[in-house]
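Okay, structure first, notes after.
FYI, it's all coordinate maths here, none of it is from the lab. Bear in mind the structure is a predicted one, so any value in this text is a computation, not a measurement. Don't worry about glycine lacking a Cβ; one is built from the backbone with ideal geometry, like all the others, and counts go over all protein chains shown.
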Amino acid sequence: MPPADRPESSRLVEADAIEIWIARWLRVPIKALIQRYGCDARRLYEVWWGERFPASRAKAEAQFKACYPSLADRTSFGYRRIPRARPGDEQLGFFD
């Protein structure tokens, strides 16, 4: 839904989550998605991590393959979360 048609305090719904997945695979910048949906970037990551609308990825994949068949074979439909763990204490020994 375009920003002008969305209510001021709208929440993401499953249809939005499907569009967010498709936009990710089409490499739409996160900043554009934030502006389009009027939400914080954390809401987008909740969709991508499967915390909200976990079934949306499979639905989006089917819709993407139907709408963009020429891109389907070149698109990775996964989302790999990169852990941001703090290095262990044993790494400090490298600088002694």
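The table below gives the values:
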item	result
Burial order of peptide ranges 56-65, 23-32 (average beta-carbon count within 10 Å, highest first)	56-65, 23-32
Projected-area mean, segment 3-72, by convex hull of Cα positions, square nanometres	4.6 nm²
Dipole magnitude (debye, nearest 20) for segment 3-72, charges at Cβ of Lys, Arg, Asp, Glu	200 debye
Extension gain, LYS31 back to GLU14 (0.36 nm per residue minus Cα-Cα distance, nm)	4.1 nm
